[in-house]
Every structure is written in C-alpha cells, then in structure tokens.
1. Tell me, please, whether a residue that is in contact with a Ser or Thr (Cβ under 9 Å, 6 or more places away or on another chain), β-branched (V, I, T) and either at pLDDT 95 or above or surrounded by 14 or more Cβ atoms within 10 Å (Cβ to Cβ) (or both) can be found in segment 70-92.
2. Within segment 80-96, track down each residue that is among the polar types (S, T, N, Q) and either within 27 Å of L7 (Cβ to Cβ) or outside any loop (DSSP other than H, G, I, E, B) (or both).
3. Determine which member of the set D148, D170, D66 is within 16 Å of ligand 2 (Cβ to nearest atom) and without any contact (Cβ under 8 Å) to a residue 24 or more places away in the chain.
4. Among all residue pairs at least 6 apart or on different chains, which show Cβ distances below 7 Å where the first residue, located in segment 118-140, is more than 12 Å from Y82 (Cα to Cα) and the second is in a loop (DSSP other than H, G, I, E, B) and acidic (D, E)?
5. Starting from segment 25-42, keep only residues that are among the basic types (K, R) and more than 15 Å from ligand 1 (Cβ to nearest atom), then list their pairs with residues that are in a helix (DSSP H, G or I) and modelled with pLDDT of 95 or more whose Cβ atoms are within a distance under 6 Å, requiring at least 6 positions of separation or different chains.
6. Hey, any hits in segment 6-20 for a residue that's without any contact (Cβ under 8 Å) to a residue 40 or more places away in the chain, in a strand (DSSP E or B) and more than 13 Å from the chain's Cα centre (by Cα)?
7. Residues I80, I61: which one is within 14 Å of ligand 2 (Cβ to nearest atom), touching a residue at least 40 places away in the same chain (Cβ under 8 Å) and of a type in the set (A, V, I, L, M, F, W, C)?
Amino acid sequence: MAKKKILTVPNPLLRKVSEPVNSINAEIKNLMDDMLETMYSAPGIGLAAVQVGVLKRIIVIDLSKDGEKKNPLFIVNPQITYKSDNLISYEEGCLSIPNQFAEVKRPSSCKVNFLDYHGKKTEINADGLLATCIQHEVDHLNGILFIDHLSKLKKDLILKKTKKQIREIDRVIV
Ligand code: GNR
Ligand code: NI
C-alpha cells in the first residue's frame, strides 16, 4: 500500500468528469487500497479517486470514529437512484480545499447502487452524514466541489483564503 498526494484547488483535474471502471482487477484493488490509506492518514471520512489524480469513478468512505473498529466502504461506479425532497445542512470540508468549512444543504437521504471491492452489485439506503458524504464524493466524480453549492460570495472568499494559505506555505518552504 502507498499513501498518495492529495490534489488541491485550483488543480484543473478536480474539474474533470471521471470515467467508469470496466473491471475490478488487481490494479483497481491496489488503487482502492492506496486511496483508503491516503484517506486514513489525511485524515478524512471520504475520498474520490480524482483527488489522488486518477479519473476513475471510485470512492472510499469510512465514518467510524477514533478508537472504533474501522468500517471502510468501497464504492465503484455509483448511481444515485433516489434523493429525498427533504434537505439537511451539514458543515462540510474537503481535503482538496484544506481548512475551509461551510454549511451545505443536500437531500437528507439517498439510495445508491454500486460495485463493492469485490465487484459485487450493492445497494444502500443512506441518511445522515453517510448520505451527505456519498453526495459530496459523487460530486467529485462529476467535477463538482462543495463550494459550488454556495453563493458566489462565499465561494470566492473560500477560494481566496485557500490561495493565500498556499502562498504562505510556499513562503515558509522557500
Ligand atoms: O473528510 C471529509 N469530511 C467531510 C465532512 C462533511 C462532508 C463531507 C466530507 S468529505 C471530506 C473528505 C473529502 O474531501 N472527500 O472528498
Ligand atoms: Ni472532497
């Protein structure tokens, strides 16, 4: 297993649409293992392949808390087949937009079909944080970031703060 570098805005890859996976072979399983390791070490509760620079429709999620048994969820080629009319607001963050958080309203529950780590067809009904996380990650597969759900004012402020932060990191290194 290997930890990978996480791309951050404004990397143009984050705006591309990812391609479906044809077959879950050893190479794809290796990528999923690397994604899980990268997500745990970040740490984050979800990660899409595009965030490590691979334009494939693969997501890993683990909502288990510190000290609990790990509970990784591997989601390949997800299709959201239902979203509730009812919305819920969560404070979201994104590993590709470091240290920035904002409340985002999304459908409070959804149904998703996908292939699991072994290529088995799976369906889950998600609500709460899992529903939010699945929608956040499926957005990544379509080149969409959580800031796209905010007003232009809030979005521009977050992008400005992220750029300033990156400039400051560069200064310390140089
Ligand atoms: O670690 C993460 N936390 C989070 C919190 C609220 C809503 C979504 C997320 S996903 C994020 C990791 C990430 O950037 N995944 O793409
Ligand atoms: Ni994200």
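The values are calculated or read from the model by the stated rules, or taken from the named source; none is laboratory data. Since we're looking at a predicted model, the values are computed, not measured. Here Cβ is always computed from backbone atoms with ideal geometry, including for glycine, and neighbour counts include all displayed protein chains.
1. Yes.
2. Scanning segment 80-96 gives T81, S89, S96.
3. On the way: D170 fails: within 16 Å of ligand 2 (Cβ to nearest atom); D66 fails: within 16 Å of ligand 2 (Cβ to nearest atom).
Criteria check complete, one pass: D148.
4. These pairs meet every condition: T122/D116.
5. none
6. Among the residues of segment 6-20, at least one is without any contact (Cβ under 8 Å) to a residue 40 or more places away in the chain, in a strand (DSSP E or B) and more than 13 Å from the chain's Cα centre (by Cα), which makes the answer yes.
7. One residue alone meets the criteria, I61.
Yes or no, residue by residue, for (1) buried (at least 19 other Cβ atoms within 10 Å of the Cβ); (2) modelled with pLDDT under 95; (3) within 24 Å of L129 (Cβ to Cβ):
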position	(1), (2), (3)
P20	no, no, no
S23	no, no, no
E37	no, no, yes
R57	yes, no, yes
V60	yes, no, yes
